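Below is one structure, written out as C-alpha cells; comments come after it.
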Amino acid sequence: MSDKVFTLPIRIYYEDTDFSGVVYHAAYLKFFERGRTEALRECGVHHSELLAREEPLAFAVKKMTTEWLVPAKIDDMLEVRTRFVSAKGARMILAQEIWREETLLARAEVEAACMSLEGKPRRLPADIATNLTQKGAKPSS
C-alpha cells in the first residue's frame, strides 16, 4: 500500500484569491494542511483524540518544501493528494500535490514532528505508527 494516496476536493472561493482572481500563494499552505489532516483522519488519527491522551500530543510542521507550478483561479475545483512517505521516531514525511483535473498546480514535501504540548519531541505512539504504516508509510527501522 505504499502508493496509497488520500484525496480531498477543494473549491476556490473569492477569499482564497488576490485582487486578480488568482489564488494567493499562502492559501496553498491551508489546502495542504487540510489534506494532511484528512489523510490522518482516514488513518484513524484525530487531532482531538491526540489532545485527549494521558500525555496530550500534537503535530507541528518542521520543514516544508513547496513548489508552485501553475496558478489556480477563482471557482476552480481542485484535488489535494496526500501520501505518507515514512513514519519513524517522532516524525513523519508526507508528499502532497494539488491538481486541477489533469494539471499539477503545486507540490510539497512535508516533515511533521510529533510533540508534547510543551514543544518537546515525542516518539509516534505505536498505535499511530501502525495506522500510518498500514496506510502506506515506510515503518521505522
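The values are calculated or read from the model by the stated rules, or taken from the named source; none is laboratory data. Remember, it's a predicted structure, so these values are computed and weren't measured experimentally. Cβ placement follows ideal geometry from the backbone for every residue including glycine, while neighbour counts extend to all protein chains displayed.
Based on this model, can you work out whether His47 counts as within 24 Å of Gln134 (Cβ to Cβ) and loosely packed, with under 15 Cβ neighbours inside 10 Å?
Values: within 24 Å of Gln134 (Cβ to Cβ): yes; loosely packed, with under 15 Cβ neighbours inside 10 Å: yes.
When the stated conditions are applied, His47 passes them.
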Practice item. Report those strands (runs of 3 or more DSSP E) wholly inside the stretch 48-141 carrying at least 3 residues which are without any contact (Cβ under 8 Å) to a residue 24 or more places away in the chain and not polar (S, T, N, Q). Key: 91-100
Practice item. Specify the residue that is farthest from Ala113 (Cα to Cα); the eligible residues are those in the stretch 61-71 that are under 19 Å from the mean Cα position of the chain (by Cα) and surrounded by 12 or more Cβ atoms within 10 Å (Cβ to Cβ). Key: Trp68
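Scan Ala108, Ala112 and give me the residue that is in contact with a helix residue (DSSP H, G or I) (Cβ under 6 Å, 6 or more places away or on another chain) and modelled with pLDDT of 95 or more.
Working: Ala112 fails: in contact with a helix residue (DSSP H, G or I) (Cβ under 6 Å, 6 or more places away or on another chain).
The match here is Ala108.
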Review point. Taking the condition surrounded by fewer than 18 Cβ atoms within 10 Å (Cβ to Cβ), closer than 20 Å to Pro9 by Cα, at pLDDT below 95 and of a type in the set (D, E, K, R), does Glu101 pass?
Key: no
